[in-house]
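Asker: Next up is a structure, given as C-alpha cells.
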Amino acid sequence: MTEIRAIVTDIEGTTSSIDFVRDVLFPYARKRLPAFVETHGDRPEVQHWLHEAAREAGLIEASRQDIIELLLGWIDQDRKSTALKALQGMIWKDGYEAGDYRAHMYPEVAARLRQWRADGLRLYVYSSGSVPAQQLFFRYSEAGDLGPLFAGYFDTETGPKREAGSYRRIAEAVGEQPQHLLFLSDIVEELDAAREAGFQTAWLVREPQALPATPRHPVHRDFGTIAV
C-alpha cells in the first residue's frame, strides 16, 4: 500500500454522532437564529453572510425577516449552504463558550487521533460545517481540546464534498500527492469523489447495516481498525 502521510477526516458519522449535530446543534441554532440576526445583523461578517444567503436564494430585495425565515427553512432541510453554516457557527460559538454543551466524540477517536499525530501523520478536517465551527467542535469536545492535533480545516468554500475537484484542491493546499492522503467518511459518494481524485479511502460504518458484497471502499466500524 502506498505510504499515507496525512489523514483528512469528515466529522458527522465519522468522528462524531450525527445525533449530536441533529439533536443538539441544529435546534440550538434554530432557536437562537432570529434574535442573533436581529442583534448582530449590523456586524460586517454577519451582513456578509446574510447577503450571501439572499444571493444564493435569488432574493433581490429581501427584508431581514425574509432572510431569517429562509435560513430557518434551510436548517430544517439541512441545506449544505456555506452562508448558513457560517451563521450557525457564530451561534454555536456562544453555546460552546457558555458551556451549554460539548461536542460528541466516539470513544476511540481521541486516542487514535493522538496516536496518528504522534506517529508523524498530519491531520486535517473536511466537513460541510464552516471552518470556525469545525475548530470549535474539536476545541470543545467531550475528550478535551483536540484542536492542536490538526494542521488545517476545509469546508464547502473548498468545493462540494461529492466532487473530485474539491479533493484535488485539498491535496494541493496541504502540499501532498493525493495517493499519500487518506480520507475518512461515512458517505460513499464522498469517498467516491476522493478516490477519483487519487486519495486512499476508509468507509466508517458505525451502525449495523447490510453492506455490498464487494464494497468500493475498505469498511471500518471504528477508527481502531484503520491501519496506516
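Asker: Stretch Arg221-Glu207 to full length: gain in nm at 0.36 nm per residue minus the Cα-Cα span?
Answerer: Values: separation 14, 0.36 × 14 = 5.04 nm, distance 0.78 nm.
Separation in residues times 0.36 nm, less the Cα-Cα distance, equals 4.3 nm.
Asker: If amide H atoms are built 1.01 Å from N in the plane of the peptide, which residues on other chains or at least 5 residues away come under 5 Å of the amide H of Val125?
Answerer: Long-range HN contacts for Val125: Thr9, Gly152, Tyr153, Phe154.
Asker: Count the DSSP beta bridges whose two residues both fall in the chain, then state the antiparallel fraction as a percent rounded to the nearest 5.
Answerer: Values: 1 of 21 bridges.
Antiparallel: roughly 5 percent of the beta bridges in the chain.
Asker: Same structure again: Which of Pro218, Pro148, Pro44 moves the most in a Gaussian network model of the chain with Cα springs under 10 Å?
Answerer: Pro44
Asker: Within segment 84-166, report the chymotrypsin sites (Phe, Trp or Tyr not before Pro) that DSSP leaves as loop and that have at most 16 other Cβ atoms within 10 Å. Don't skip to the answer; put the middle values down first.
Answerer: Working: sites: Trp92, Tyr96, Tyr101, Trp116, Tyr124, Tyr126, Phe137, Phe138, Tyr140, Phe150, Tyr153, Phe154; in loops: Tyr101, Tyr140.
The qualifying sites are Tyr101.
Asker: Here's something else I'd like to know. What is the percent carbon and sulfur in the accessible area of segment 53-114, measuring with a 1.4 Å probe over the protein chains and ignoring ligands? Display every interim value, and only then the final one.
Answerer: Numbers: 1410 of 2990 Å².
Using a 1.4 Å probe with all protein chains present, segment 53-114 comes out at 47 percent carbon and sulfur.
Asker: Using the Cα centre of segment 34-178 as the reference point, and only Cβ charges (+1 on K/R, -1 on D/E), how large is the resulting charge dipole? Debye, rounded to the nearest 20.
Answerer: Values: 17 positive and 22 negative charges, 124 e Å.
That gives a dipole near 600 debye.
Asker: Residue by residue, what Karplus-based ³J(HN,Hα) values in Hz, rounded to whole numbers, does segment 133-145 have, using 6.51, -1.76 and 1.60 with θ = phi - 60° and x for Gly and Pro?
Answerer: Each residue's phi maps through the Karplus curve to give 5, 5, 4, 5, 4, 7, 5, 10, 8, 4, 8, x, 7 Hz.
Asker: Hey, what did segment 1-82 get for relative contact order, percent, Cα under 8 Å, at least 6 apart?
Answerer: Values: 22 pairs, mean separation 21.5, N = 82.
Relative contact order comes out at 26 percent.
Asker: Shifting gears a bit: Pick from Gln65, Gln209, Gln135: which is most flexible by mean-square fluctuation in a GNM of the chain where alpha carbon atoms under 10 Å apart are linked?
Answerer: In the Gaussian network model the winner is Gln209.
Asker: Could I ask something else about it? Go ahead and estimate [θ] at 222 nm for the chain from helices alone: -39,500 (n - 2.57) per DSSP H run with n ≥ 4, summed, over the residue count, rounded to 500.
Answerer: On the way: 8 runs with 99 residues, N = 228.
That calculation yields -13500 deg cm²/dmol at 222 nm.
Asker: In degrees, nearest 10, range 0 to 90: what is the angle between the Cα axis of helix 64-77 and the longest Cα principal axis of the chain?
Answerer: Here the helix axis deviates by roughly 30 degrees.
Asker: At what distance in angstrom do the alpha carbon centres of segment 147-165 and segment 27-69 lie from each other?
Answerer: Segment 147-165 and segment 27-69 have Cα centres separated by 24 Å.
Asker: Follow-up question, since we're still on this one. Which Cα, out of Pro148, Ile170, Gln77, lies furthest along the positive dipole direction of segment 67-173 (beta carbon charges, K/R +1, D/E -1)?
Answerer: Ile170
Asker: Now for a separate question. So between Glu157 and Glu56, what do we pick up on full extension, going 0.36 nm a residue minus the alpha carbon distance?
Answerer: Details: separation 101, 0.36 × 101 = 36.36 nm, distance 1.37 nm.
Going from the current span to full extension adds 35.0 nm.
Asker: When N counts the residues of the chain, how does its alpha-carbon radius of gyration compare numerically with 2.2 N^0.38 Å, as a ratio? Mind dumping the intermediate values first?
Answerer: Working: Rg = 18.1 Å, N = 228, 2.2 N^0.38 = 17.3 Å.
The value comes to 1.05.
Asker: Taking N as the number of residues in segment 1-97, what is its Cα Rg relative to 2.2 N^0.38 Å?
Answerer: That ratio works out to 1.26.
Asker: Related question: Which of these, Ala133, Ala193, Ala111, has the largest mean-square fluctuation under a Gaussian network model of the chain (Cα springs below 10 Å)?
Answerer: For the chain, modelled as a Gaussian network with Cα springs under 10 Å, the answer is Ala111.
Asker: Modelling each spin label as a point 7 Å along the Cα-to-Cβ direction, I'd like the Thr39/Glu196 distance in nm, to one decimal.
Answerer: It works out to 4.4 nm between the two label points.
The values are calculated or read from the model by the stated rules, or taken from the named source; none is laboratory data. These numbers were taken from a predicted model, which means no experiment stands behind them. Positions of Cβ are generated from backbone atoms using ideal geometry, with glycine treated the same way; all protein chains shown enter the neighbour counts. For accessibility, only protein heavy atoms count, side chains too; no ligands or nucleic acids. Shrake-Rupley method; radii C 1.70, N 1.55, O 1.52, S 1.80 Å.
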